[in-house]
Every structure is written in C-alpha cells, then in structure tokens.
Amino acid sequence: MLIVEDLQVKLGDKEILSHIDLEIRPGETHILFGPNGSGKTSLLMTIMGYPQYKVTAGKIFFKDEDITHMTINERARLGIGMSYQRPPSIHGLKTKQIVKICSGNEINVNTLAESLNFSDFLDRDINVGFSGGEIKRSELMQLIAQNPDLLLFDEPESGVDLENIALIGNTISRLLERDHRCAPGKSVKETRKERTKMGLIITHTGFILDYVTADKGQVLYEGILACKSNPIEIFKQIKEIGYEECVRCAT
Amino acid sequence: MCAMRDLDAKAREAKGKKAAFGQDIDLESFSSDNPFHEAVQDIGQLPENERERMLMAGIDTRPGVRSGTYLQKDGTSVYSTSLQEGLEIIPIKTALEKLDWVKEYYWKLLSVDTDKYTARARLDLHNGYVIRALPGAKVTYPAQACMYIEKDGFSQNVHNIIIAEENSELHIITGCATAAHVARGLHVGISEYYVKKGAKLSFTMIHHWAEDVAVRPRSAGVVEEGGLFLNNYISMKPVKSLQMYPTVYLKGKGAVARFYSLLVGSPGGELDVGGRVYLSAEETRAEVISRAITNGGNIIARGDLIGEIAGVRGHLECRGLILKEGSIHAIPELTGKVDGVDMSHEAAVGKIAQDEILYLMSRGLNEDEATATIVRGFLSVDIPGLPAPLKEEIDRAVELSQQDMM
C-alpha cells in the first residue's frame with residue numbers, strides 16, 4: 001500500500017504541492033488528471049524520491065515503511081518503478097544493457113523486446129534520438145524487466161502514434177494485472193482480489209482509459225488534489241466544464 | 001651509410017630542442033644503459049607476474065590467439081616471431097643491418113630533428129620492430145608488440161615501422177607496460193606507418209604505465225589510394241606525463257584515417273594527446289574522436305584536420321568528462337585550404353549529468369554503480385572495422401580502469 005500523508009513539497013524556493021493525501025491499496029490503479037504545470041509530474045517524482053523535490057512536511061509510506069527520506073534506488077528496490085515522459089539520453093549505454101540492469105540480469109531481453117515491437121532498438125543508445133512513442137515502449141520494457149509493485153506512469157500515451165497506442169495501453173493493463181482474464185477456475189471477482197500491483201497514471205488526453213480500467217481518479221490543480229471519483233466520470237466532466245470548474249464544483 | 005651519418009648529424013643538432021607541446025623532460029635524469037636480458041624461447045613460459053602486467057596492456061601470451069609477437073624488455077628485443085604466412089616481424093636493428101629496403105621507410109615520415117625526443121631515438125636507439133604484411137596477405141588474427149620497462153629509471157628508446165603492403169590487411173595491438181616494481185621511466189617511441197594501395201591497417205595501442213613514467217611517442221603515417229588506417233589509443237592507467245600528436249597523410253584517392261582515443265587522467269598526470277590528418281587527395285575522409293575523463297589529471301585533447309582539396313570530408317569529436325578535480329582542454333582545429341571541403345567538429349566538456357545518474361538509480365543501481373555505468377558508456381565508442389579480439393581488449397582496458405576511477 002502507498003500512503004501519502006499531508007505532503008508538502010518544494011522545488012527550489014517554490015511550494016509546488018500542498019496537503020496532498022493519497023492512498024493506493026494493493027491491486028488499485030489511480031488516474032491523476034490535471035492541467036500542465038499543476039504538479040502531477042512533481043508528485044510522481046517525489047514518490048520516486050528525486051532529491052530536488054524537497055518534502056517540507058508530511059510523510060510517504062510504502063509497504064508499511066516510511067520512505068519519505070529514502071534514496072531513489074532504495075525505493076526502486078522496495079518495489080517502486082516509474083515510466084518517464086522525458087527520460088534522459090545516455091550515450092554509450094545500450095537499451096538492452098539498461099533492460100538487463102532493471103531485471104538484475106534475470107530476463108530474456110530479446111523475447112521482451114519482440115513483445116513490444118522493439119527489437120531493432122536494443123543495440124541503440126538508450127533514448128538517443130528516440131521518438132515519443134519509442135521512449136514509451138522503451139520505458140515499458142524497463143518497467144516489465146524491473147517488475148515493481150507500484151508503477152508510476154507519466155503520460156504513457158503522449159507522443160504515441162495510433163498504431164502503437166493499443167500495444168502500449170494493453171501492456172500497461174497487463175502490467176497492472178487489469179487485463180480481465182480470469183485465472184483458471186476462478187471468478188472475475190476472485191481474480192480481481194488477487195491483484196497486488198498498484199498503479200498511478202498521469203494522463204492528459206485520457207486515451208489510456210480506453211485500455212486500462214482504473215479504480216479511482218483525482219484531479220491535481222495548482223498543487224492541490226481534489227475530486228476523488230470514478231476516473232471516467234471525472235474525465236467526462238473535465239472535457240465538458242474544464243479543470244477549474246471541475247475543481248470548484250468539488251470543493 | 002652516408003644517409004645514416006646525415007641523420008646523426010641532424011639529430012645531434014636537435015639534442016636540446018624542446019618539443020612544441022608538453023612539459024619539457026630532463027632526458028639526462030633517465031638512464032639509457034640497457035641491462036642484459038636473455039632471449040625468450042616461449043612467451044607462454046614468461047613468469048606469471050610479467051604475463052599479467054602484459055595482459056593488462058592487451059598482450060596475450062597464450063598460444064593461438066595472436067598471429068605473431070614482438071617483445072622488448074627495456075632496450076632488448078627478446079622475442080620476435082611470426083606465426084602466419086605473409087606476416088613479417090623483425091627487430092628494427094636487425095632489419096636495418098640486413099634488409100636494404102627497410103631504409104626506404106626509416107625516418108621518412110618524421111624528421112629526426114623534430115625535437116630532443118626524435119633526436120634521442122636516433123642517437124641512442126635501443127631497438128623496436130618492423131612489422132609488415134606482404135601484398136595481399138590477410139592477417140586476420142592480430143599481431144602484437146610489447147614494450148616492457150623492467151629497469152627503474154630507464155629511458156626506453158624505440159623505433160617501429162609498420163607496413164601494410166598493397167591489398168593486405170593487418171591488425172596490430174601494441175601494449176606498453178612497466179614491471180610492477182618500476183616507478184619511474186621514460187618511453188620515447190618513434191612509429192612510422194605505411195598503408196599502401198587498398199590495404200587496411202588497424203593499430204591499437206594500449207598504455208599501462210606507472211605513476212612516474214614520461215611518454216613521448218612520435219608517430220606519422222601515410223595512406224595510399226583506397227587504404228584504411230585505424231589508429232586507436234587507450235591510456236587509462238596513471239602516467240606522469242604523456243604527449244603525442246600523431247600525423248597521418250592521406251595521399252591516395254579515397255584513403256581513410258580514423259583516430260580513436262580513450263584517455264583517463266589521474267591525479268598528478270599530464271596528458272596531451274591529439275590526432276592530425278592531412279586530407280590531400282580526392283575523396284579522402286578522416287575522423288578524430290576522443291573521450292577524455294579526468295579524476296584529477298590535466299588533459300589536453302587535440303585534433304587537427306587540414307583539407308587541401310575539394311570534396312574531402314572530416315570530423316573531429318572531443319568529449320570530456322570531469323569526474324572530480326583536474327581539467328580537460330579540448331582543442332579542435334580545422335583548416336580548409338580550398339573551397340569544397342566538408343569538415344566539422346564537436347567538443348563538449350562537462351560533468352556527469354545528474355539526471356542520468358538519478359534515472360539509473362530509479363532502475364535499482366546505487367549512485368556509484370550508476371556513475372560507473374555512465375562512465376563505461378561514455379568510453380564505449382563503436383569503432384567500425386575493428387576485429388572482435390581487439391574490441392575485447394579495449395573493453396577490458398576500460399573495465400580495468402573503472403576500478404581505479406571509482
């Protein structure tokens with residue numbers, strides 16, 4: 001379980017998140033909506049542990065441990081993984097090498113790459129000259145190799161062409177154990193109960209909702225979380241009345 | 001022998017002549033007295049500690065992995081054997097005595113009076129090698145040459161001539177190392193490369209010196225029509241003072257030269273390394289690429305392309321990474337002498353980007369592991385045309401250097 005308690009975060013001198021409360025139980029996936037600059041990426045980066053995001057108040061717990069001051073790699077080892085929107089390029093580090101790093105050498109990189117239509121990129125330097133969609137597929141490949149329990153997705157559908165959006169959406173759905181296939185001899189309900197993976201997905205366009213079912217949606221607006229509700233409903237409202245009105249109405 | 005006397009006369013005049021670049025070395029503080037070394041019958045039987053030191057410089061003494069070996073201890077050639085038809089390996093002193101044709105290649109690309117180091121290599125020549133691939137010979141396994149300093153305070157003065165005859169293919173790995181007990185020394189090495197029509201030569205030099213060793217290679221090469229010269233240089237171990245600026249003349253149509261240097265500067269070390277290429281014939285191409293990392297040393301990475309004819313293409317790339325203290329000075333130079341030359345350069349000096357470290361940490365590596373991974377990536381340069389065994393040696397040198405850097 002991830003628990004974010006009354007979190008307050010500064011980036012430089014500027015307070016960018018205030019009084020954030022969030023709880024993601026095992027098996028739950030949450031969608032985070034919000035306009036540009038509302039602090040969505042900052043929240044993900046803070047949960048991941050990026051040191052430039054200074055927690056000035058509040059706490060973050062994951063799997064019953066206080067991770068508020070843990071380093072990024074400690075959090076990664078505890079089971080938090082992130083798919084970045086704009087990851088850095090690293091010259092000389094091949095995509096297949098970073099996938100191996102993620103898995104601790106325990107994965108067949110070639111098979112994994114085939115499943116994401118990404119074999120041609122394995123020998124390319126990671127993220128160097130990748131298009132938006134290529135970055136997403138590379139990030140997904142790394143997450144699958146890493147196999148975390150809490151998956152943070154920063155706009156997984158942005159820059160992805162129509163041909164690949166289904167591939168990406170369905171892969172995320174499978175990663176979050178939400179692909180609705182029943183385990184042999186079990187009901188849908190039982191299968192759902194067995195879910196352990198937690199997800200927090202930032203979306204701008206909402207396209208991802210066509211592929212991934214989510215339990216809750218929330219809107220982050222000017223550093224404040226609001227409107228906890230059914231994600232599809234929220235998305236509809238945002239489309240109809242806009243973020244500002246949506247948040248006003250809820251508070 | 002008149003020509004030799006002329007060389008000596010010129011050399012004597014340059015005995016005190018300072019070099020254009022690099023710290024001035026007091027030659028008199030090193031001994032040129034060559035200690036006795038017995039000839040080696042079987043390099044596989046060398047003492048294990050020596051074989052290990054040599055292996056770090058890419059010299060592999062196991063049977064079956066190299067097409068031939070030249071080994072010099074201090075000033076003495078102790079082993080010189082070719083195992084492949086079409087490949088000749090001869091100590092240069094023997095060659096100059098017995099083979100008239102060798103004189104056609106001796107001091108032809110470099111001037112003996114360039115500076116005090118070239119002068120010393122003529123006036124006090126210990127030995128060196130001539131390695132030649134005969135016309136059409138494809139020497140697929142690399143040949144290797146090792147310059148080993150065993151006497152502390154020794155000045156090792158060598159001259160090497162490398163010839164890839166027409167349409168031949170030759171790969172050489174040359175490793176320079178000191179015995180474990182050697183702290184101080186000087187290596188003066190002259191190398192002249194001849195890549196003839198349609199020939200391919202790759203020359204990979206791995207230096208594995210000690211902290212108080214000064215190194216002054218003086219190298220030049222010529223590439224004829226359709227020839228390819230790959231020159232790789234790796235110096236990742238501490239060295240006190242290293243300065244070299246090899247020059248290649250692309251004289252024949254379509255000739256290609258590529259320089260790749262991987263440099264690590266340790267505290268107290270001064271490295272001044274460059275590559276210069278004259279593009280003097282139609283359709284010639286050149287590339288000078290260097291990667292420099294310092295954790296306390298001062299590095300100057302030079303590159304110089306001179307385009308003398310329209311239609312030539314060249315690129316320089318100097319990238320430097322400052323891990324801790326120290327400095328990196330990238331000096332890329334381009335000279336176009338006519339219109340229609342196409343030459344470019346890129347240079348970048350900086351520290352490791354924090355966002356790259358954090359990205360890798362979020363994949364589970366700790367900070368040191370992440371840094372090491374980025375450094376390894378920085379140093380991994382794809383060298384087209386380099387055979388796998390040489391690529392492995394370079395990778396190994398990079399791997400070994402990591403232990404010192406971190």
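The values are calculated or read from the model by the stated rules, or taken from the named source; none is laboratory data. None of these values were measured; they are calculated from a predicted model. As a convention, Cβ positions derive from the backbone with ideal geometry for all residues, glycine included, and neighbour counts pool all protein chains shown. Areas reflect the complete protein model, heavy atoms only, side chains present, ligands, DNA and RNA absent. Shrake-Rupley method; radii C 1.70, N 1.55, O 1.52, S 1.80 Å.
Among the numbered conditions (1) closer than 17 Å to residue A:80 by Cβ; (2) surrounded by 23 or more Cβ atoms within 10 Å (Cβ to Cβ); (3) at pLDDT below 95, the only one that residue A:17 does not meet is (1). I want to confirm something. Restricting to the range B:385-403 and keeping residues that are open to solvent by 30 Å² or more (accessible area, probe 1.4 Å) and among the aliphatic types (A, V, I, L, M), which single residue is nearest to the other protein chains (Cβ to nearest Cβ)? Once the filter is applied, the top-ranked residue is B:388. Could you check the range A:1-112 for strands (runs of 3 or more DSSP E) lying wholly inside it with 3 or more residues that are within 14 Å of chain B (Cβ to nearest Cβ) and in contact with a helix residue (DSSP H, G or I) (Cβ under 8 Å, 6 or more places away or on another chain)? So the answer is A:80-83.
Flag: residue B:266 matches the condition of being open to solvent by 10 Å² or more (accessible area, probe 1.4 Å) and in the same structural domain as residue B:289 (by TED's automatic domain parsing). Listed by position, the strands (runs of 3 or more DSSP E) enclosed by the range A:167-251 that each have at least 3 residues that are more than 23 Å from residue A:81 (Cα to Cα), modelled with pLDDT under 90 and not basic (Lys, Arg) are A:224-229. Of the residues in the range A:172-194, none is within 20 Å of residue A:42 (Cβ to Cβ), more than 14 Å from every other protein chain (Cβ to nearest Cβ) and surrounded by 16 or more Cβ atoms within 10 Å (Cβ to Cβ).
The set of residues from the range A:113-128 being open to solvent by less than 40 Å² (accessible area, probe 1.4 Å), under 21 Å from residue A:173 (Cα atoms) and part of a helix (DSSP H, G or I) comprises just one member, A:113. Tell me, yes or no, whether the range A:146-164 has at least one residue that is within 12 Å of chain B (Cβ to nearest Cβ), open to solvent by less than 50 Å² (accessible area, probe 1.4 Å) and part of a helix (DSSP H, G or I). Taking every residue of the range A:146-164 in turn, at least one turns out to be within 12 Å of chain B (Cβ to nearest Cβ), open to solvent by less than 50 Å² (accessible area, probe 1.4 Å) and part of a helix (DSSP H, G or I). I'm checking my understanding of the structure. Among residues of the range B:332-384 that are away from chain A (no Cβ under 12 Å), over 26 Å from the mean Cα position of the chain (by Cα) and not acidic (Asp, Glu), which one is most open to solvent (accessible area, probe 1.4 Å)? In this case the residue turns out to be B:351. Consider residue B:53 carefully, then state whether it is in contact with a His (Cβ under 8 Å, 6 or more places away or on another chain), of a type in the set (D, E, K, R) and not in a strand (DSSP E or B). Yes: the conditions hold for residue B:53.
The set of residues in the range B:135-191 being assigned to a loop (DSSP other than H, G, I, E, B), small (Gly, Ala, Ser) and in contact with a Ser or Thr (Cβ under 8 Å, 6 or more places away or on another chain) consists of B:136, B:137, B:153.
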